[in-house]
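Colleague: First the structure, which I've put down as structure tokens, then a few questions once you've had a look.
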Amino acid sequence: MREKPTSTTLTTMLGTPIMDAGGRVRGRIKDLAVGTGADAGKVAGLVIKSRNGSELVNATEVCPTPSGALELRPHAALRQLQGDENFILLRQDLLDRQIIDVHGRKVVRVNDVDLQWFPCNGVEDLRVREVEVGLRGAVRRLLQGAIPKGAIDSLARHFPARVIPWEFVDMIEVDPARRVKLNIEHERLAQLHPSDIADILEDLAPAEREAILTTLDEEVAAEALEEVEPKLQKSMMESLDSEVAAGIVEEMDPSAAADLLAELRDSQSEAILEEMDPEERQEVEELLEFREDSAAGRMTTQYVAVLRTATVGDSINALRDFEGDIEAVTGIYLVDESEVLQGVVPLARIVLALPGTRIEVLAEPRFISCEADAHQQQVAELFDKYNLRALPVVDSAGKLVGVVEADHVIAFLRQGR
């Protein structure tokens, strides 16, 4: 029994003979079954190709021999592989597949898997240590079966290792039934910045994008989708069931949601709207009535407005009750009883003022607004001329109907490149 952990690889183990105590070959290693959840990374069993088909034996029921083969321990039990066990098959499910390197925030392809034997209570426990995504693993795979395994390992070590620790690996599983069974939640993926998730989605095949979107929280999926290029947004939305799509669209900024639905077929857009909650649906439907290249077509209807008679305390309460993206709020808009825009108060002034202060005394002496039918190019010129971070949009009667934010302008300028 070895006292120190010993390294090996999936490529090295594949094809290794499994012998019984009498020296008779019972089969050869076909795959390795790895646990998920609490057992993530632990090799639950070795899949053996034998005369009886595919059989499974626990990794702790075999031990290495000086010849390089593996020997079954006394009373080791081989059982038929059912195909519905709750584990990952490294060769079948991982090798040559694309995975998400959550730590590196990118999509990579698996060339090999590094494993390690650990002495544990008189037996040896086999665990996945790293996933190889560089040339070293590719060379080992390329030379498999052509030259002795020892020579392959010596040659492969001349190439730099590019590996991802197993804890930073998030599998991409396309088959819905398999994905549910493996219970892969993409929790670490959800913690990435939406722009990073968008970059990852853009690197994937269509079916894989769908697998990721449907396992992410709807709010996270919506934020990531807003960062994706419009053409790809459309493609991704077209692949989703209307109920799933509606859940994501409800979490999007109404302006972004309207822009996306406007690009879809009428029948699909209507099906998604039908699945949405009434309040969110009404907001989006109102925006769909405007030209996409107008101020109204670019604005969001999520903003914070209070009566001009309100106090700073009232305004802070309005901020607390705001259900939109609070990080996008740069100021509070003052309106009268008829919702006519009366002024704008920068957020910084509200934070520094006493709660009882009348909000209108903090308003900018002059403010810039535009009408709903203003062309988006005019909107961009106003942002540039007055160095704006947000631009209130009013109707013909001066009523506040929405706000164009700086990122909305940047988005359309990028599209025009």
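Colleague: Only helices (runs of 4 or more DSSP H) wholly contained in segment 340-417 count here; list those with 1 or more residues that are closer than 12 Å to Met299 by Cα and either basic (Lys, Arg) or under 36 Å from the mean Cα position of the chain (by Cα) (or both).
Modeller: 376-386, 406-415
Colleague: If you take the residues of segment 405-417 that are among the charged types (D, E, K, R) and open to solvent by less than 100 Å² (accessible area, probe 1.4 Å), which of them is nearest to Phe367 (Cα to Cα)?
Modeller: In this case the residue turns out to be Glu405.
Colleague: Let me ask you something else. Inside segment 188-268, counting only helices (runs of 4 or more DSSP H) that do not spill past its ends, which hold 2 or more residues that are modelled with pLDDT under 85 and over 21 Å from Gln302 (Cα atoms)?
Modeller: 206-215
Colleague: Next up: Tell me which residues, restricted to segment 286-303, are open to solvent by 80 Å² or more (accessible area, probe 1.4 Å) and either touching an Asp or Glu at 6+ places or on another chain (Cβ under 7 Å) or in a helix (DSSP H, G or I) (or both).
Modeller: Answer for segment 286-303, where residues must be open to solvent by 80 Å² or more (accessible area, probe 1.4 Å) and either touching an Asp or Glu at 6+ places or on another chain (Cβ under 7 Å) or in a helix (DSSP H, G or I) (or both): just Glu286.
Colleague: What's the number of the condition Glu202 fails, among (1) closer than 27 Å to Ala390 by Cβ; (2) surrounded by fewer than 19 Cβ atoms within 10 Å (Cβ to Cβ)?
Modeller: (1)
Colleague: Considering segment 383-404 alone, what residues qualify as being over 28 Å from Thr309 (Cα atoms), touching a Leu at 6+ places or on another chain (Cβ under 7 Å) and surrounded by fewer than 18 Cβ atoms within 10 Å (Cβ to Cβ)?
Modeller: Correct list: empty.
Colleague: Go through the residues of segment 304-311 one by one and say whether even a single one is closer than 27 Å to Ala224 by Cβ, modelled with pLDDT of 95 or more and either crowded, with 18+ Cβ neighbours inside 10 Å or among the hydrophobic types (A, V, I, L, M, F, W, C) (or both).
Modeller: Scanning segment 304-311 turns up at least one residue that is closer than 27 Å to Ala224 by Cβ, modelled with pLDDT of 95 or more and either crowded, with 18+ Cβ neighbours inside 10 Å or among the hydrophobic types (A, V, I, L, M, F, W, C) (or both).
Colleague: Still on this structure: So, in segment 312-339, of the ones that are open to solvent by 40 Å² or more (accessible area, probe 1.4 Å), more than 39 Å from the chain's Cα centre (by Cα) and touching a residue at least 60 places away in the same chain (Cβ under 8 Å), which residue ends up nearest to Pro355 (Cα to Cα)?
Modeller: Glu339
The values are calculated or read from the model by the stated rules, or taken from the named source; none is laboratory data. Since this is a predicted model, take the numbers as computed values, not measurements. Heads up, the Cβs are rebuilt from the backbone with ideal geometry, glycines too, and the neighbour counts pull from every protein chain shown. Areas reflect the complete protein model, heavy atoms only, side chains present, ligands, DNA and RNA absent. Shrake-Rupley method; radii C 1.70, N 1.55, O 1.52, S 1.80 Å.
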